[in-house]
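Everything on this sheet refers to the single structure shown next.
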Amino acid sequence: MTLDIQILLDIFPIVLFFISFFGLTTSENIIKSIILTMLMQTSVIMFWLVVGSRYGVRPPIIYDTALLYNLDYISDPLPQALMLTAIIIGISVTAINITMLNSLYRKYHTAEWKPMASLAKENENKD
């Protein structure tokens, strides 16, 4: 039973990434694009955390020196540390996207890609 769950955990982030990527390429709304970008970032983080974990391993907190002689049962802390960094970068990217959307919405009064591009082209031709 645990093998089936592990296979699903391995496949789910990959499927979520490609669904989000498809939605991002076909989205016409900027807000949806920002949400789908966040989902893509989350799926990458989930993927690396699933790859870095194994069934039956303990966190890398060593409270007994006997664990130092058998490191096969201790998980690798590097993927976890890198994913904490990826979470911070993802939050920063999302904040920048929302800030840019805010300024573009105030200028063009729309959150759609095509009308905003046509309005930007009109403003460029006026100058």
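The values are calculated or read from the model by the stated rules, or taken from the named source; none is laboratory data. Here the structure is a predicted model, which is why all the values come from computation and not from measurement. As a convention, Cβ positions derive from the backbone with ideal geometry for all residues, glycine included, and neighbour counts pool all protein chains shown.
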Exercise. If you check VAL57, VAL51, which single one turns out to be aliphatic (A, V, I, L, M), under 16 Å from the mean Cα position of the chain (by Cα) and at pLDDT below 85?
Worked result: VAL51
For this session: Being more than 20 Å from the chain's Cα centre (by Cα), under 30 Å from ASN123 (Cα atoms) and modelled with pLDDT of 95 or more narrows it down to one of ASN97, ASN29, ASN102, so name that one.
Result: ASN102
For this session: Please specify each residue of segment 60-94 satisfying the condition of being in a helix (DSSP H, G or I), more than 14 Å from the chain's Cα centre (by Cα) and not β-branched (Val, Ile, Thr).
Result: ALA66, LEU67, LEU68, TYR69, LEU71, ASP72, TYR73, PRO77, LEU78, PRO79, GLN80, ALA81
For this session: Would you check which residues across segment 1-58 are surrounded by 16 or more Cβ atoms within 10 Å (Cβ to Cβ) and in contact with an Asp or Glu (Cβ under 8 Å, 6 or more places away or on another chain) and list them?
Result: ILE30, VAL50, GLY52
Problem set entry | Hey, MET100 closer than 23 Å to GLN6 by Cβ and assigned to a helix (DSSP H, G or I) or not | no
For this session: Starting from segment 60-89, take each residue that is touching a residue at least 40 places away in the same chain (Cβ under 8 Å) and list its partners that are part of a loop (DSSP other than H, G, I, E, B) and not aliphatic (A, V, I, L, M), counting only C-beta distances under 6 angstrom and pairs at least six apart or across chains.
Result: none
